[in-house]
Amino acid sequence: MVWINGKAVEAEGKSLSEVVEAVCGQRGISPDAVAVMLNDEIWVKGRWPARPLATGDVVEVVAMMQGG
Amino acid sequence: MSELVIAGRRLNSRLFVGTGKYRDFALMREALEASGAEVVTVSVRRVEVGAAGHQGLLEALDWQRYRVLPNTAGARTAVEALRLARLGRALTGSDWVKLEVIPDPTYLLPDPLETYRAAEALVQEGFAVLPYIAPDPVLAHKLACLGCATVMPLAAPIGSGQGLKNRAMLEIFARQRAVLPPVVVDAGLRWPSEAAGAMELGADAVLVNTAIAEAQDPVAMAAAFGQAVRAGRMAYEAGPMPERASASPSSPTQGVPLPQPEMPL
């Protein structure tokens, strides 16, 4: 399983960009508007690594949200 | 009115505003515009379906008009704050970070030790650090020595609307302005008069979110806060009259046209 935004998902073999686009698509947010962290390493705005995701990878897809 | 400069950037407004708790983006946009604020805080959150407040903000605001200030809200430790700060920088392209390290969910009081540790690391990583702190002038001075861009003492607990509860401590901040970076009073205000009061004490700026977003008319309240902050700063720079223990008549005491006892009438 791959951890995507805190949830275990069967995403082994998918690319990071596929996963990010799926997460963004569900919410209607442009992939250009997010930052992505893979195993504590930050990847910015579309320049995500091409390697396929593997079991135990942890992916965070974040965006600017409302806050004080 | 004198200019406010933070981390080398000249700011047009001494009112900072948050983007949280608005009913919708249209209302938020209108309120932000009415406030006249330039610095606007945002949070960093997972892109999730069905989570409240999780609409993306990138397209909701004209970021040419505002200076984005990502916060580390949600961090309970220095390590967590570093993670959120780095994500915030990646998202916004801004080196500015409102550092919040808050382990206490009831009063949302910041952890001074973890805040200090996180500030030390973030300054070394090139961030302009704006730390949210309890109104502790000693901690503020230590954060200043680290190279923090501001200090942000709380007036009252976040979102409480209790007003300038920490007035006495904020007066000490004002007296120590010479050894502190800009002081931004943050959190807990309810009325514009409280923001004006903080500015009259000598605060360099005020950050407001809930008092605007939860007002019955957020747009009018935003404008009121904007005017209050300007008025408070102008009054501070104008300098108040001396305080006296007894009254001092404003009208001349001589020449009052009333009968004297020795007069025939």
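Numbers below:
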read-out	value
The stretch A:2-63: relative contact order in percent, alpha carbon pairs under 8 Å with at least 6 residues between	47
Derived scalar couplings ³J(HN,Hα) [the stretch B:76-85; Karplus, 6.51 cos²θ - 1.76 cosθ + 1.60; whole Hz; x for Gly, Pro]	10, 9, 4, 4, 5, 5, 4, 4, 5, 5
Alpha-carbon spread of chain B, three principal axes, descending order, Å	91, 41, 35
Crossing angle, helix A:16-27 versus chain A [Cα axis fit, 0-90 degrees, rounded to tens]	40
Sum of -39500 (n - 2.57) over DSSP H runs of 4+, divided by residues of the protein assembly as shown (222 nm, nearest 500)	-9500 deg cm²/dmol
Cα-based helix-to-principal-axis angle, B:137-146 vs chain B, degrees rounded to 10	50
Set of aspartates and glutamates with alpha-carbon distance to A:LYS7 below 17 Å, sequence-local pairs under 8 removed	A:GLU18, A:GLU21, A:ASP40, A:ASP57, A:GLU60, B:GLU48
Relative contact order (%) - criterion: Cα under 8 Å, at least six apart; region: chain B	18
Other-chain or far-sequence residues with amide H under 5 Å of B:VAL208's (modelled H)	B:PHE16, B:VAL17, B:GLY18
Straight-distance crosslink candidates among lysines, where the alpha carbon sits under 19 Å from B:LYS142 and sequence neighbours closer than 8 are dropped	B:LYS98
Cut-off 14 Å between beta-carbons: net charge of the residues surrounding B:VAL219, Lys and Arg +1, Asp and Glu -1	-3
Cα gyration tensor shape of the stretch B:134-246, rounded if a/c is under 1.5, else prolate or oblate by comparing a/b with b/c	oblate
Shielding by partners - mean other protein chain Cβ count within 10 Å, residues of B:83-92	5
10 Å binning of all Cα-Cα separations within the stretch A:2-63, expressed as whole percents from 0 upward	24, 63, 13
B:ILE133 long-range amide H proximity, modeled H, under 5 Å	B:MET152, B:LEU154
Local electrostatic count, A:ASP57, Cβ distance below 15 Å [Lys/Arg +1, Asp/Glu -1]	-3
Angle between chain B longest axis and helix B:25-35 axis [Cα atoms, degrees, rounded to 10]	40
Average beta carbon contacts from partner chains per residue of A:26-36, 10 Å cutoff	5
Surrounding net charge for B:ALA119, when Lys and Arg each add one and Asp and Glu each subtract one, Cβ distance under 12 Å	-2
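Every number here is computed from the coordinates shown, using simple stated rules; none is lab data. Please read these numbers as outputs of a predicted model, since none were measured by experiment. Quick reminder, even Gly has a Cβ in these numbers, built from the backbone with ideal geometry, and neighbours come from all protein chains shown.
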